[in-house]
Amino acid sequence: MVDVGAKAETARVARAAGSIFMKPETLALIRAGSAKKGDVLGIARIAAIQASKRTGDLIPLCHPIALTRVTADFSIDETQNAVHCEVVAECFGRTGVEMEALTATSVGLLTIYDMCKAVDRGMRIENIRLLEKSGGKSGHWVAE
């Protein structure tokens with residue numbers, strides 16, 4: 001792992017997003033809350049938050065971080081037959097939280113896939129990306 005011991009502790013925030021595309025019928029199941037495995041978006045939200053807290057265990061050489069806040073928001077997009085996920089991760093520390101936000105986004109979307117795969121194996125997870133980060137020596141960054 002990279003030595004971050006000499007770095008200053010600062011407030012750090014990262015925002016990531018991604019999407020899962022599916023059949024209209026699958027999206028209707030999610031919207032109605034009638035998927036066989038239960039509340040898809042509620043469980044995906046918990047999975048995303050849990051994944052953010054386990055990032056240091058999942059990604060080799062990633063520092064374990066004491067997160068101060070994580071939000072995972074899902075929005076249904078009827079026009080694209082998609083669910084969009086946006087995660088914000090925050091901490092006060094010596095290293096950033098980009099990996100936590102990206103991991104949470106990925107696992108949240110994978111959870112949707114897992115919960116709906118029996119009715120739609122052709123779902124596509126796409127465009128997982130960092131949208132914004134702030135804190136630390138490199139300061140504020142926003143994706144183009």
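The values are calculated or read from the model by the stated rules, or taken from the named source; none is laboratory data. Everything quoted here is computed from the prediction, not taken from an experiment. Because the Cβ atoms are built from the backbone with ideal geometry, glycine has one as well, and the counts that use them run over all protein chains shown. These area figures cover heavy atoms from the full protein model, side chains too; ligands, DNA and RNA do not enter into them. Shrake-Rupley method; radii C 1.70, N 1.55, O 1.52, S 1.80 Å.
General remarks:
- Total residues in the range 18-72 satisfying the condition of being part of a loop (DSSP other than H, G, I, E, B) and either on the phi > 0 side of the Ramachandran plot or among the acidic types (D, E) (or both): the figure is 4.
- Residue in the range 75-86 that is touching a helix residue (DSSP H, G or I) at 6+ places or on another chain (Cβ under 8 Å), β-branched (V, I, T) and more than 17 Å from S19 (Cα to Cα) present: no
- Assessment of the range 96-107 against the conditions (more than 26 Å from M123 (Cα to Cα) and among the hydrophobic types (A, V, I, L, M, F, W, C)) yields at least one matching residue.
- Going through (1) exposed (fewer than 13 other Cβ atoms within 10 Å of the Cβ); (2) on the phi > 0 side of the Ramachandran plot one by one, N81 falls short only on (1).
- Cross-chain or 6+ apart pairs with Cβ under 6 Å, the range 15-32 first and more than 18 Å from V87 (Cβ to Cβ), then among the hydrophobic types (A, V, I, L, M, F, W, C) and not in a helix (DSSP H, G or I): F21/A82; M22/M123; T26/V119; L29/A35; R31/I76
- Scanning the range 68-86 for residues that are of a type in the set (A, V, I, L, M, F, W, C) and either out of contact with any Lys or Arg (no Cβ under 6 Å at 6 or more places or on another chain) or more than 25 Å from H140 (Cβ to Cβ) (or both) yields V70, F74, I76, A82, V83, C85.
- Filtering the range 95-144 to residues that are surrounded by 14 or more Cβ atoms within 10 Å (Cβ to Cβ) and of a type in the set (S, T, Y) leaves T95, T103, T105, S106, T111, Y113, S134.
- Filtering the range 62-77 for residues that are open to solvent by less than 20 Å² (accessible area, probe 1.4 Å), at pLDDT 95 or above and either within 13 Å of the chain's Cα centre (by Cα) or of a type outside the set (V, I, T) (or both) leaves a non-empty set.
- Filter result for the condition that a residue is farther than 24 Å from S138 by Cβ, at pLDDT 95 or above and either crowded, with 18+ Cβ neighbours inside 10 Å or not aliphatic (A, V, I, L, M) (or both), over A14, A44, A89: A44
- Restricting the range 47-61 to residues that are exposed (fewer than 12 other Cβ atoms within 10 Å of the Cβ) and free of Cβ contacts under 8 Å to residues at least 40 places away in the same chain, the residue that is nearest to F74 (Cα to Cα) is D57.
- Evaluated against (1) open to solvent by less than 60 Å² (accessible area, probe 1.4 Å); (2) modelled with pLDDT of 95 or more, G33 falls short on exactly one condition, (2).
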